[in-house]
Amino acid sequence: MFKQAIMIFLKEMKCIVRDTRTFVFGLLLPLLLVPGILFAINFSLSSFIPGSPVSMSIKMAFSDKNNAFYRFCSAQSQAVIVDVQDSKKAINSGEIEVYVDVNSELDKAILDSDGWKLDDFVKYQYDETDMSSTAARSLISKYENSFERLVAAAKDENISSTDELYEFLNVDVDAQLADQYDDEFDLGENINLICFVLLVPTMLVLYCGTSSMGTASELGVGEKERGTLESLLSTGANRVSIVLGKLFATTAMGAMGGFCAVIGLIAYMKFMFWGRPSQINFFDGMCLVLVTLCVSLFFASVNLTISIYSKSYKESQTYSLPLVMLCMAPTFFTYGLSPIDIDFVKLCIPMYNVACVLKEIISKSVNILHVGFVAGWLIIYSLVAIIVMMKLFKKEDVIFRI
């Protein structure tokens, strides 16, 4: 039976490779499109996020100017203080990037208490729909840290009046911040890496699914429409062997598409993060290949099952494409998930578990037990689909359903 399955596999692969243009295009698409999309995202980010926060400026408005934090911010060369009447309108129109609402008790808390926290007295308003607000948030965060350090130094000097406090805080610390940014922080690269980690699981699931979709439709319902299925059945080959041969060919095409996507991802990482900790090493790469192969097997078995059941090529595509989109949906829910929060309960959720281990791999916190656990679940899903597929292929009213 296995020998017959191999012969069917070789026959199907020969037919697939014979259509050279389609075969090559199917491999080049994920190989070029995946890094191309990531480069486009990187370019888009660079259009509104400067490469270094040292050169940034921030337009700010304050609810009250009689407080220590206003005095500190107004002394900064990168802070542009704007007077506004309507804070929401000013933010939405781009007149300001952040509105600072300061509690009137801030100065009193600084002078009278050692346990005060700036977050308890200052609230911010940003344009939540504008990703460029990330730059403003980063600069505000640095100002908060510098303000708290200066206040601590002022209290060490036993400053006891607001006038003395304001004078002590009238310092432009942007030059000091510049040294910290150069050594510790690159906003553009950090955001680019975050987007990369978020998008990789979604894109890998997408290309593993779509790469096998066309092949599955061609080897399943395509045989019905061409009238060649009867000839294949008349050869005397066992029906299980026929199903396995077609499954091997579909998995091979899905895996090749997935591997091309992986190669594109690794090439992108080498170009964008050369020499950085985000580089994928050999072990991480092997884990990525294993997950890609298992995901390809899952989609191949499901897509081929749909193809065998369908009446026409169009019907098969109508069912398969929404399925791939549906399988992508769980990956969106991992965007805010940290690798340290991944447990075995999360690894039991179909496709969500794939996104979890891919996030671990890309974040260089791979857990081999998690990878094996997810691979085992994918194989179980695939076996269920294969059993259903074989039952359908043994029914005459299904395989000749046109």
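Considering (1) at pLDDT 85 or above; (2) farther than 30 Å from residue 11 by Cα, the lone condition that residue 221 does not fulfil carries the number (2). Exactly one residue out of 232, 265, 290, 326 is surrounded by 15 or more Cβ atoms within 10 Å (Cβ to Cβ) and within 18 Å of the chain's Cα centre (by Cα), and it is 265. Has the range 276-285 got at least one residue that is surrounded by fewer than 24 Cβ atoms within 10 Å (Cβ to Cβ), in contact (Cβ under 8 Å) with a residue 40 or more places away in the chain, part of a helix (DSSP H, G or I) and assigned by TED's automatic domain parsing to the domain that holds residue 219? Within the range 276-285, one or more residues are surrounded by fewer than 24 Cβ atoms within 10 Å (Cβ to Cβ), in contact (Cβ under 8 Å) with a residue 40 or more places away in the chain, part of a helix (DSSP H, G or I) and assigned by TED's automatic domain parsing to the domain that holds residue 219. Report yes if some residue within the range 108-120 is within 29 Å of the chain's Cα centre (by Cα) and in a loop (DSSP other than H, G, I, E, B); otherwise report no. Checking the range 108-120: not a single residue is within 29 Å of the chain's Cα centre (by Cα) and in a loop (DSSP other than H, G, I, E, B). What pairs come out if I take residues in the range 11-22 that are assigned by TED's automatic domain parsing to the domain that holds residue 253 and pair them with residues that are surrounded by 14 or more Cβ atoms within 10 Å (Cβ to Cβ) and modelled with pLDDT under 85 whose C-beta lies under 7 Å away, six or more apart or interchain? Pairs found: 16/23; 17/23. A count restricted to the range 123-152 and to residues that are at pLDDT below 85 and charged (D, E, K, R) stands at 5.
From 258, 236, which residue is modelled with pLDDT under 85 and at positive phi? Result of the check over 258, 236: 236.
Does residue 264 satisfy the criteria of being out of contact with any Asp or Glu (no Cβ under 6 Å at 6 or more places or on another chain), in a helix (DSSP H, G or I) and closer than 29 Å to residue 355 by Cα? Spelling it out, residue 264 is indeed out of contact with any Asp or Glu (no Cβ under 6 Å at 6 or more places or on another chain), in a helix (DSSP H, G or I) and closer than 29 Å to residue 355 by Cα. Considering the range 200-218, the residues that are buried (at least 24 other Cβ atoms within 10 Å of the Cβ) and over 13 Å from residue 303 (Cβ atoms) include one that is modelled with the highest pLDDT, namely 205. Screening residue 83 on (1) assigned by TED's automatic domain parsing to the domain that holds residue 155; (2) modelled with pLDDT under 90; (3) of a type in the set (Asp, Glu); (4) loosely packed, with under 14 Cβ neighbours inside 10 Å shows it passes everything except condition (2). Among residues belonging to the range 334-348 that are touching a Phe, Trp or Tyr at 6+ places or on another chain (Cβ under 7 Å) and surrounded by 14 or more Cβ atoms within 10 Å (Cβ to Cβ), point out the one that is nearest to residue 291 (Cα to Cα). Across the range 334-348, the extreme among qualifying residues is 347. Across the range 5-19, which residue is surrounded by the most Cβ atoms within 10 Å (Cβ to Cβ) among those that are closer than 16 Å to residue 256 by Cα and of a type in the set (A, V, I, L, M)? Only one residue fits best here, namely 16. Within the range 67-80, the set of residues being out of contact with any Phe, Trp or Tyr (no Cβ under 7 Å at 6 or more places or on another chain) and either without any contact (Cβ under 8 Å) to a residue 24 or more places away in the chain or in a helix (DSSP H, G or I) (or both) comprises 74, 80. How many of the residues in the range 222-249 are of a type in the set (Val, Ile, Thr), part of a loop (DSSP other than H, G, I, E, B) and farther than 21 Å from residue 312 by Cβ? Result for the range 222-249: 1. The set of residues from the range 93-107 being outside any strand (DSSP E or B) and within 38 Å of the chain's Cα centre (by Cα) comprises 93, 94, 95, 96, 97. Filtering 359, 314 for residues that are assigned to a helix (DSSP H, G or I), crowded, with 21+ Cβ neighbours inside 10 Å and among the charged types (D, E, K, R) leaves a single hit, 359.
The values are calculated or read from the model by the stated rules, or taken from the named source; none is laboratory data. Nothing here was measured: the structure is a model prediction, and the numbers come from that model. Using ideal geometry, Cβ is built from the backbone for each residue, glycine included, and neighbour counts are taken over all protein chains shown.
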